Amino acid sequence: MSEFKLTGGCQCGAVRYVLNAPPLMAYACHCTECQRISATAFATSCVVLQDTMQIEQGELSRINWTVESGAHRYGEFCKACGVRIRHGSEPSQGIYSLRSGTLDDPTWATPAAHTWQSSALEWFTPPEDALLYDGQPTDYAPIVERYAKLMELG
């Protein structure tokens, strides 16, 4: 059995990380917060278990905020170039929302779903077979299942 290894990092190369398990899923979020964070129409993220991700090089800076629901979130980014690497919640839910543009192999960033379509920019047309959600999904099982099929994991 071969050991899984997926790598990534920031734009300037100061931060490097490794994942020792595949992402649970990837999705594109069209909420206004992700639009602002990514400075574009939507952000793509991979959900990874926290204990499968190690920072191998560099240091991350952190910013904290509270979302409309009252939940506490944080984002971590490269101290040198400012590229967002991951987001999490407090208290921890055991997962990171990894900014998928930081992956060395972008095929793992293929979105299985598009969330917050209610905030999507009018010029964006999702793929015909995409799972679409007007807001935050309440059941992630269909997204996990579709992602596994897309990545040929399931």
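FYI, it's all coordinate maths here, none of it is from the lab. Bear in mind that the values here come from a model prediction, so they are computed numbers and not experimental data. Counting neighbours? That spans all protein chains shown, and the Cβs are built from the backbone with ideal geometry, glycine included.
Does Ile85 satisfy the criteria of being closer than 14 Å to Thr44 by Cα, out of contact with any Lys or Arg (no Cβ under 8 Å at 6 or more places or on another chain) and buried (at least 19 other Cβ atoms within 10 Å of the Cβ)? Criteria not met by Ile85. All conditions but one from (1) part of a loop (DSSP other than H, G, I, E, B); (2) touching a strand residue (DSSP E or B) at 6+ places or on another chain (Cβ under 8 Å); (3) loosely packed, with under 12 Cβ neighbours inside 10 Å apply to Pro126; the one that does not is (3). Annotation: Tyr147 fulfils all but one of (1) of a type in the set (Ser, Thr, Tyr); (2) surrounded by 13 or more Cβ atoms within 10 Å (Cβ to Cβ); (3) out of contact with any Leu (no Cβ under 8 Å at 6 or more places or on another chain); the unmet one is (3). When the range 62-79 is limited to residues that are out of contact with any Asp or Glu (no Cβ under 9 Å at 6 or more places or on another chain) and among the small types (Gly, Ala, Ser), the one that is surrounded by the most Cβ atoms within 10 Å (Cβ to Cβ) turns out to be Gly75.
Residue count for the range 69-102 under the criterion of being among the hydroxyl-bearing types (Ser, Thr, Tyr), within 16 Å of Glu59 (Cβ to Cβ) and either touching a residue at least 60 places away in the same chain (Cβ under 8 Å) or not in a strand (DSSP E or B) (or both): the result is 1. Scanning the range 30-64 for residues that are assigned to a strand (DSSP E or B) and in contact with a helix residue (DSSP H, G or I) (Cβ under 9 Å, 6 or more places away or on another chain) yields Ala43, Thr44, Ser45, Cys46, Val47.
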